[in-house]
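The values are calculated or read from the model by the stated rules, or taken from the named source; none is laboratory data. Remember, it's a predicted structure, so these values are computed and weren't measured experimentally. Glycine also receives a Cβ, built like all others from the backbone with ideal geometry; neighbour counts cover every protein chain displayed. Please note that ligands, DNA and RNA were not included when accessible areas were found on the heavy atoms of the full protein model with its side chains. Shrake-Rupley method; radii C 1.70, N 1.55, O 1.52, S 1.80 Å.
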Amino acid sequence: MLLIEHIIMLFMKKIFSIISVLVMTLGFISSSLAKVNADVKTELDSLKSKYMVLMDYNSGEVLYSKNADKKIYPASTTKIWTAFCVLKKAKNLNEVVEIKDLPPIEGTSMSLENGEKFTVHELLESLLVHSSNDVAYVLAKHFGDGDAKKFIDFMNEEAKKYGARNTHFNNPHGLPDTEHYTTAMDMTTLSRVAYSNDEIKKIVAMKSVNFKANEVNKFERHLFNSNKFLTSSMSMDYKGKSIPIKYDIVDGIKTGFTDDAGNCLVSTAEKNGIRIISGVFFAPAGSLYHDSRTLLDYGFDNFKTVTILDKKDAEAERKVRFAKPRSIKYTLANDFSITTPKDKIVDKSSYTYKKVFDKLKMPVKKGDVIGTLNVYENGNMVSSIALIAENGSKNYFQYLLSLLPFNNDKSKNTENKSDNDSENKSDKEDSEKKNESSSSNLNSAGNTVKTEVSNSFNGFIGIFSGIGDFFSSLFGGSKGDLEKSDFYKFLDKSISSKIKFIPSKVIIFGLPLLILIIILSLIISLIKDGFRKRKANKLKEKNKTNVANNKPINIDSSDIPMMNKKSEVTVDTPES
């Protein structure tokens with residue numbers, strides 16, 4: 001018995017010793033990790049760039065910041081937001097813009113000349129790849145309806161919508177201006193928003209862009225991307241080693257420089273399923289790419305991405321009344337993921353979701369945003385993700401119109417790509433088209449006639465569609481919706497030009513009410529006439545019966561015209 005107790009005591013002591021060692025080891029590791037993290041933070045704080053932000057692209061969570069809310073000048077990183085606002089306004093990227101009344105503009109330029117013509121897409125390429133200041137002005141003027149100031153106001157309105165409260169744009173290019181300012185946090189946030197646009201994603205990753213000379217554009221332009229992460233063949237000192245500045249995982253976004261702003265760079269990169277964005281501003285010479293890479297590597301080395309909600313799990317459908325089809329299938333624009341420290345355990349059950357649907361404006365097309373999914377962590381909203389329509393739907397009137405002949409509008413934005421491809425065919429194909437047979441020319445003429453008929457019909461239908469939208473807004477929508485309708489704008493312009501002494505709104509809103517009163521009066525009159533006619537018919541039938549039975553006839557003087565006292569009423573009795 002004593003032997004057994006002795007063995008148990010030895011065993012317990014051994015276990016206690018092992019546990020003690022484990023606790024000491026874990027404590028050592030924890031203190032070491034804390035020291036490492038503190039050292040890394042100290043290293044980031046010691047970087048020479050004055051203003052910095054590191055942000056997770058998916059969630060918008062800030063992973064590191066330095067002087068992030070201080071007022072700064074954004075220089076040409078402004079053009080990231082200029083491009084995004086252009087894309088919000090542009091209906092056709094193949095639209096041709098003619099250069100007119102271009103004033104002298106300092107700094108980097110495309111050397112545009114009055115009379116030259118470029119598509120909106122070509123101008124965007126020059127804006128983001130080459131950082132052309134003259135292009136920024138041309139686009140702002142074009143999409144400001146001839147007034148660049150209107151477009152700049154739009155830039156500010158949109159920036160506020162996305163939370164950039166400490167930003168004010170006073171020009172579209174970022175040249176020095178005391179009223180043109182932002183913060184590192186705002187500019188990195190706006191860059192994250194802009195990078196969600198697929199066209200911007202493609203353009204900012206381009207290393208160069210080429211524009212050929214032609215009859216309108218006098219000389220060829222070959223423009224290179226100013227982002228050295230994409231194009232440089234030089235090296236830099238980084239953590240005690242000489243490494244290339246070019247960084248293969250970086251695929252955007254934009255550089256900037258002025259004396260007041262210093263060197264600026266907004267970068268984005270993806271690695272191991274994680275995408276992050278860094279904003280570095282007022283960097284001394286030689287520090288811009290070193291500091292930007294340090295931030296990016298810190299993000300990839302210390303954080304992981306966890307998918308909380310797969311967009312496939314959020315697929316559902318929304319019922320629509322008086323439409324065909326009567327339901328719209330939808331899904332999330334993207335998965336909901338978070339970037340978190342690698343040693344952190346994520347509890348997915350702490351997240352809840354709420355769908356918020358927009359007021360549908362029919363027709364709905366595939367790819368339209370019909371609402372949002374708000375994501376909450378422990379009751380606090382942490383993200384809002386767009387709900388995207390997976391199929392189209394039309395109300396009954398729109399559906400019936402789509403069945404009519406010549407009403408197949410194929411000039412949709414989704415087909416701009418194919419239109420662009422056809423415009424970019426080789427000279428050989430153009431030559432072959434010119435040598436087509438006369439029968440082909442006749443077919444072409446026939447197609448032209450058909451197209452013209454189709455365009456005329458679509459215009460005709462468009463008028464009635466506009467009128468329908470007008471009355472729909474008048475009786476079922478808000479005043480704001482009504483005043484946005486094309487038919488209201490047409491009426492307002494037409495009435496204002498012809499009638500000066502009565503406000504057009506009084507006529508537009510009062511006339512339908514007057515028409516409604518007249519229609520109601522007419523309906524009431526018809527109902528009253530119907531009752532009177534019915535009463536008169538009954539009286540007539542009654543009189544016929546009385547005559548047949550040789551009974552006196554009762555005449556209601558209210559139902560016949562007034563008669564002269566000398567007049568007599570003669571009634572012929574039927575033969576028996």
task = Residue by residue through the stretch 372-397, note down the ones that are open to solvent by less than 50 Å² (accessible area, probe 1.4 Å) and in contact with a Lys or Arg (Cβ under 9 Å, 6 or more places away or on another chain).
result = T372, L373, N374, V375, I385, L387, I388, A389, N391, G392, S393, N395
Residue that is nearest to D248 (Cα to Cα), among those in the stretch 194-208 that are aliphatic (A, V, I, L, M) and part of a loop (DSSP other than H, G, I, E, B) = A205
message = I need the full set of residues from the stretch 122-153 which are surrounded by fewer than 18 Cβ atoms within 10 Å (Cβ to Cβ) and on the phi < 0 side of the Ramachandran plot, in order please.
response = D147, K149, K150, D153
ask   = Which is without any contact (Cβ under 8 Å) to a residue 40 or more places away in the chain and touching a Gly at 6+ places or on another chain (Cβ under 9 Å), of L175, L230?
value = L230
inquiry  = Here is a check on your reading of the model: is E317 under 27 Å from the mean Cα position of the chain (by Cα), modelled with pLDDT of 95 or more and either part of a helix (DSSP H, G or I) or farther than 24 Å from D69 by Cα (or both)?
reply    = no
key: Every residue from the stretch 320-339 that is in a strand (DSSP E or B), open to solvent by less than 70 Å² (accessible area, probe 1.4 Å) and either among the β-branched types (V, I, T) or modelled with pLDDT of 90 or more (or both)   = S327, I328, Y330, T331, L332, I338, T339
query = Which residue out of S235, S287, S196 is closer than 18 Å to V53 by Cβ and free of Cβ contacts under 8 Å to residues at least 24 places away in the same chain?
reply = S196
Single residue of the stretch 208-242 satisfying the filter (more than 26 Å from H121 (Cβ to Cβ) and of a type outside the set (S, T, N, Q)) that is surrounded by the fewest Cβ atoms within 10 Å (Cβ to Cβ) = G240
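S59 - would you say it is assigned to a strand (DSSP E or B) and not acidic (D, E)? Break it down stepwise before answering.
On the way: assigned to a strand (DSSP E or B): no; not acidic (D, E): yes.
Considered against the rule, which asks whether it is assigned to a strand (DSSP E or B) and not acidic (D, E), S59 comes out as no.
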ask   = What's the number of the condition P104 fails, among (1) open to solvent by 30 Å² or more (accessible area, probe 1.4 Å); (2) farther than 22 Å from L230 by Cα; (3) at pLDDT 95 or above?
value = (3)
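So is H173 under 19 Å from M110 (Cα atoms) and in contact with a strand residue (DSSP E or B) (Cβ under 6 Å, 6 or more places away or on another chain) or not?
no
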remark   = Scanning the stretch 299-319 for residues that are within 27 Å of I385 (Cβ to Cβ) and out of contact with any strand residue (DSSP E or B) (no Cβ under 6 Å at 6 or more places or on another chain), the one surrounded by the fewest Cβ atoms within 10 Å (Cβ to Cβ) turns out to be K312
ask   = If we scan the stretch 287-295, do we find a residue that is surrounded by fewer than 16 Cβ atoms within 10 Å (Cβ to Cβ) and not aromatic (F, W, Y)?
value = no
request  = Search the stretch 64-75 for residues being open to solvent by less than 20 Å² (accessible area, probe 1.4 Å) and not in a loop (DSSP other than H, G, I, E, B), and hand back the single one that is farthest from G256 (Cα to Cα).
outcome  = Y64
inquiry  = Cβ contacts < 8 Å: first residue closer than 23 Å to V364 by Cβ, restricted to the stretch 302-318; second residue surrounded by 13 or more Cβ atoms within 10 Å (Cβ to Cβ) and of a type in the set (K, R), any location; separation 6+ or different chain. Result?
reply    = E315/K329; A316/K329; E317/K329
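Can you find a residue that is on the phi > 0 side of the Ramachandran plot and surrounded by 24 or more Cβ atoms within 10 Å (Cβ to Cβ) anywhere in the stretch 243-255?
Restricting attention to the stretch 243-255, the residues satisfying the condition of being on the phi > 0 side of the Ramachandran plot are 252.
Restricting the remaining residues to those that are surrounded by 24 or more Cβ atoms within 10 Å (Cβ to Cβ) gives 252.
Within the stretch 243-255 (the criterion being on the phi > 0 side of the Ramachandran plot and surrounded by 24 or more Cβ atoms within 10 Å (Cβ to Cβ)), the answer is yes, since at least one residue qualifies.
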ask   = Applying the selection to the stretch 78-110, what residues are assigned to a loop (DSSP other than H, G, I, E, B) and more than 28 Å from L190 (Cα to Cα)?
value = I99, K100, D101, L102, P103, P104
